[in-house]
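Structure first, commentary second.
The values are calculated or read from the model by the stated rules, or taken from the named source; none is laboratory data. All figures in this text were calculated on a predicted structure; none of them were measured in a lab. Using ideal geometry, Cβ is built from the backbone for each residue, glycine included, and neighbour counts are taken over all protein chains shown.
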Amino acid sequence: MSPTQGPREDPGRQALACIDKALAAKPQRDGHALTEATKFACEFRDELIAAASGDGDEERRNLEHANAVISAITAVHFPLGPAPWPELEGARGWLQKLLDASGADEVSGRDRGA
Amino acid sequence: MALWDLPNADYVVVMGSNMAENHPVAFRFVVEAQRRGGKIIHVDPRFTRTSAIADIHAPIRSGTDIAFLGGLIRHILENDLWFRDYALAYTNLDHIIDERYLDTEDADGVFSGYDPDAKSYKQDTWQYEGKTTPTPLANRHPAGADTDYESMAQSPPPRDPTLQHPRCVYQILKRHYARYTPEMVEATTGCPQETFLQIADTLAKNSGRDRTGCFCYAVGWTHHSVGVQIIRAATIVQLLLGNVGRPGGGVLALRGHVSIQGSTDIPTLYNMLPGYLAQPVLHEDHADLKSYLKTETAATGWWANFPKYAISLLKAWYGEAAAADNDWAYQMVPKLTGDVSQEPMTLAMANGVIKGQFMLGQNPMVGAVNTELVELGMAKLEWLVVRDFAMTETAEFWRNGRRVRNGETRPEDIETEIFFLPAAMPGEKEGTVTNTSRLVQWHDHVLEAPGDSRSDTWFIFHLGKRLKALYADSTLERDRPIQALAWDYPVKGEREEPSAEAILKEINGYTTADRKQVADFKALEDDGSTACGCWIYSGVFPEEGKNLARSRRPDKPGDNTSHSGWAFAWPSNRRTLYNRASADPDGKPWSERKKMIWWDAEKKAWTGYDTPDFDKDKAPEFRPDWSKTPHGMDAIAGDSPFIMEPDGKAMIFAASGIKDGPLPTHYEPVESPVRNELYEKHQMNPAAKIWPRPGNELAETGDPRYPYVFTTFRLTEIHCGGIPSRITPHTAELQPEAFVEISPELAAELGIEHLGWTVLSSPRGEIEVRAMVTERMRPFTINGRKVHQVGMPWVYGPLGYATGEPANVLLAITGDPNTSIHSTKAVTCNIRPGRRGIRKAAE
């Protein structure tokens, strides 16, 4: 899928798939997968913002986690030294939890690295 | 070195700069050096007004500076022209390197420690044998090595003063540059051997006890994928010749207009805190204050004082909220997670990461590389604030951007909300600028800015106040840094302009108990008793009512002094850094002609024409007592001038700190029409930051679609990013339109006429400009093949009276591994006569 124009369906799941693709390529940095992961994760964040009612700890926590996911992806994409792969793996877990909480389906093992 | 020290030079090499045109005020000191008999050398692809004044002009192909400088290093070593008494005593030439070290000459073009997946180096094999060597640079921890800096306090690094040890730096250096023969220099750079040798001999003849020389450079060196290594190569030349820390000697960075030096001292850079302290990095050893101080504090040398500067900074920022029991509010300082410099953040912006942006003192629609990606990124922002004193292309991208002009988008489709705020001009605000000579100079507010125009200080101060008010009632931990920020500056006038002097006083530092100014950074402590906004500036405001940046006492003509009463030069008003090297190891001047600092045995103190950059009363014969595991300056001998290095010796071989190798090595630029003849497997710097993505592709080596070398430059008549001059008729008419300089040979080959239209293209885009057919540009012969180069000023845009397409459309987003600075001086392009087809803007 090309994330070039407009919002797409399930950007969170798409981000998860792109993170898995990037993790599968490790230790090499797959710039394309990381770019796509960033774009989808940002769209997912936009969805959270759009759906937010403006108050509530959970909403804020979810948004903070979404931002952390974006930070982890960009940290691997543009590292200062060695790429922080464990942080990206951790970020994948946060994203999965966010998706689980919002009712999105778990990405199947078969899809990983696709 | 100071600008006014240039006339003391017996040679001045201007390289990576068109100094006469782009630093005309500074260039008068070069002219004075020549008037006094100094030789002026200009090494540059173009024949410019600097070349016209120079005694020797050496043309080199853009991006081959290390081949040229490496040739000088080889020539100096092979012909035994180096200043032995200086270099052997003051550099690490005799230090022995770890036995695991492998040179590029032995490892197919990479140094040991290279990780091809990460495209980065570990530095453990570059260390002095048995040591871990912290770097004087921020982020001192050498990648891949342990943090046992204590090893430097246990004994000096192993050395072989006979220089026979195969792993001593001298022998490594000789082997590394053995292939940089005059023939190789000519074949790679295009500079005729005779010219190269004439320059090498000029440098050697004008160095030694009685003679010195210097290099001046600007962004013609830094804007490469090997920018830092080019500067290092010149530094090696100067250290071998004994030209650092002495009158007329040095490597002078020609900083930009107006306060670029100040903007790195108190940085707008993402990876440094004021005074070249490291910005904490989350994924490294900076998780808490204890580990931050451990990895950033050198055991030996001046940087052992690091905790005093870091904790005093935290006290200045967070005031009462910074206390011993909360690690001086260390956790309130943001931690880096990655490279958030301009280049990768431009890409991140285009990916949607960034929601809003402030643009102060910058016009990236003209000045940033890969203009289309910049514009794409800005169109993804929700809001953009631009502060300037005239409308800029950046603030107008929504209606006048390249993508709009090309019909790729419409203003109504861009949702970015843009706020343009008028900014005060220099005379309309008070404050300081810091120039090339590290000279902090005060300027007064002389008239009120018109209308709603305000100073940047006003804007930042009042923005901070409003943010603090907005978050005042928050109970969230993440908002604590805003609440805790010490932000109480006195204001004056109806506009509530904050006092710039109060800010400078805070930068200088004070005692927290009674808020008395500290005399200088030697008074700073790590126990919370002092606060200091930038330790290197400490001393600029040493007591109430004494603003040394205002001082204007010049020396009389003929005085052999340092103009120490003219403003304030950091650190401690020293005009020449490492000036202990101006005396021999025994403390005597190298010669009467080159006197600067010397040891007064009677007074038991260093004295001379400048503030000594050394412990004032440390005798030349002082030696560390290694039985006592000396730390800090106690580990620095009296004959070791380079006090920021852990053993006081200048690093010819960089055991730590440089991310792409301990020695400069020739690689081709990120794009090149020719192959790297030195290393078949590594065309470009293997550690360069390359971020391929659609719209940011690089041309393959020798791609016939982009056969010419492309470089960019500035113009005297068009200042900074162009807007200040292009909107003013008097200056705009001096350079009324964008142009590309091409040689008569290439023009004839392609059928391009002088002043005729041309289209320039790269994988990133294409632009059209008129041709300036000129002998300023000449083709090069590279390995027997003719290579053409074209050059274009990058300062044009669509606004103002003098207009043209931005050259930076053609450039790619790439980065030097150390600085993340882009490559603007050497990429490839095509050029053809005619005009490009532009789609009509959508109705």
Complete set of residues in the range B:550-569 that are farther than 22 Å from residue B:599 by Cα and surrounded by fewer than 22 Cβ atoms within 10 Å (Cβ to Cβ): B:550, B:551, B:552, B:553, B:554, B:555, B:556, B:557, B:558, B:565, B:566
Exclusive hit being outside the structural domain of residue B:74 (by TED's automatic domain parsing) and more than 30 Å from residue B:131 (Cβ to Cβ), set B:601, B:569: B:569
Looking at (1) of a type in the set (Val, Ile, Thr); (2) in a helix (DSSP H, G or I); (3) in contact with a Lys or Arg (Cβ under 6 Å, 6 or more places away or on another chain), find the lone condition where residue B:96 falls short. (2)
Out of B:238, B:261, sole residue that is at pLDDT 95 or above and out of contact with any helix residue (DSSP H, G or I) (no Cβ under 7 Å at 6 or more places or on another chain): B:238
Listed residues B:86, B:90, B:114; which is within 24 Å of residue B:206 (Cα to Cα), of a type in the set (Phe, Trp, Tyr) and either within 14 Å of another protein chain (Cβ to nearest Cβ) or in contact with a strand residue (DSSP E or B) (Cβ under 9 Å, 6 or more places away or on another chain) (or both)? B:90
Positions within the range A:47-75 being more than 8 Å from every other protein chain (Cβ to nearest Cβ) and under 18 Å from residue A:17 (Cα atoms), in sequence order: A:47, A:65, A:66, A:67, A:68, A:69, A:73
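For (1) assigned to a loop (DSSP other than H, G, I, E, B); (2) small (Gly, Ala, Ser); (3) modelled with pLDDT of 95 or more; (4) crowded, with 23+ Cβ neighbours inside 10 Å, each residue gets a yes or a no:
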site	(1), (2), (3), (4)
B:721	yes, yes, no, yes
B:735	yes, no, yes, no
B:745	no, no, yes, no
B:753	yes, no, yes, no
Residue list for the range B:635-687, filter: over 25 Å from residue B:139 (Cβ atoms) and in the same structural domain as residue B:64 (by TED's automatic domain parsing): B:637, B:638, B:639
Output the residues belonging to the range B:295-319 that are over 23 Å from residue B:646 (Cα atoms) and small (Gly, Ala, Ser). B:316, B:319
Have a look at B:395, B:390 and point out the one that is within 33 Å of the chain's Cα centre (by Cα) and surrounded by fewer than 20 Cβ atoms within 10 Å (Cβ to Cβ). B:390
Please determine, by comparing only the residues of the range B:404-458 that are among the aliphatic types (A, V, I, L, M) and farther than 25 Å from residue B:25 by Cβ, which one is surrounded by the fewest Cβ atoms within 10 Å (Cβ to Cβ). B:421
Filter the range B:323-379 down to the residues that are away from chain A (no Cβ under 14 Å), within 20 Å of residue B:482 (Cα to Cα) and not in a helix (DSSP H, G or I) and list them by number. B:323, B:333, B:357, B:358
Under 6 Å between Cβ atoms, at least 6 apart or on separate chains: pull out the pairs that start in the range B:380-391 with a residue that is within 20 Å of residue B:345 (Cβ to Cβ) and end on any residue that is among the β-branched types (Val, Ile, Thr) and buried (at least 19 other Cβ atoms within 10 Å of the Cβ). B:386/B:394
Subset tally (residues that are of a type in the set (Phe, Trp, Tyr) and within 19 Å of residue B:220 (Cβ to Cβ)) for the range B:1-28: 2
Go through the range B:191-206 and report how many residues are out of contact with any helix residue (DSSP H, G or I) (no Cβ under 8 Å at 6 or more places or on another chain) and part of a loop (DSSP other than H, G, I, E, B). 1
Only one residue in B:381, B:360, B:373, B:347 is surrounded by 22 or more Cβ atoms within 10 Å (Cβ to Cβ) and out of contact with any His (no Cβ under 9 Å at 6 or more places or on another chain), so which one is that? B:373
Screening B:741, B:749, B:766 for residues that are outside any strand (DSSP E or B) and over 22 Å from residue B:225 (Cα atoms) leaves only B:749
Filter result for the condition that a residue is touching a Phe, Trp or Tyr at 6+ places or on another chain (Cβ under 8 Å) and in contact (Cβ under 8 Å) with a residue 40 or more places away in the chain, over B:659, B:594: B:659
Can you find a residue in the range B:779-794 that is buried (at least 24 other Cβ atoms within 10 Å of the Cβ) and among the basic types (Lys, Arg)? no
Say whether the condition of being surrounded by 18 or more Cβ atoms within 10 Å (Cβ to Cβ) and touching a Leu at 6+ places or on another chain (Cβ under 6 Å) is met by at least one residue in the range B:619-642. no
For helices (runs of 4 or more DSSP H) lying entirely in the range B:1-93, having 1 or more residues that are in contact (Cβ under 8 Å) with a residue 24 or more places away in the chain and within 23 Å of the chain's Cα centre (by Cα) picks out B:19-22, B:24-35, B:49-53, B:65-78
Output for the range B:788-803, where each listed residue is within 11 Å of residue B:732 (Cβ to Cβ) and either part of a strand (DSSP E or B) or out of contact with any helix residue (DSSP H, G or I) (no Cβ under 8 Å at 6 or more places or on another chain) (or both): B:803
The condition of being acidic (Asp, Glu), more than 14 Å from chain A (Cβ to nearest Cβ) and over 30 Å from residue B:673 (Cα atoms) holds, among B:80, B:124, only for B:80
Within the range B:289-322, residues being free of Cβ contacts under 8 Å to residues at least 24 places away in the same chain, farther than 21 Å from residue B:142 by Cα and among the small types (Gly, Ala, Ser) number 0
Are there any pairs with C-beta distances below 7 angstrom linking a residue in the range A:78-95 that is more than 7 Å from every other protein chain (Cβ to nearest Cβ) and touching a residue at least 24 places away in the same chain (Cβ under 8 Å) to a residue that is aromatic (Phe, Trp, Tyr) and surrounded by 20 or more Cβ atoms within 10 Å (Cβ to Cβ), with the two at least 6 apart or on different chains, and if so which? none
Consider residue B:450 carefully, then state whether it is over 28 Å from residue B:546 (Cβ atoms) and part of a loop (DSSP other than H, G, I, E, B). yes
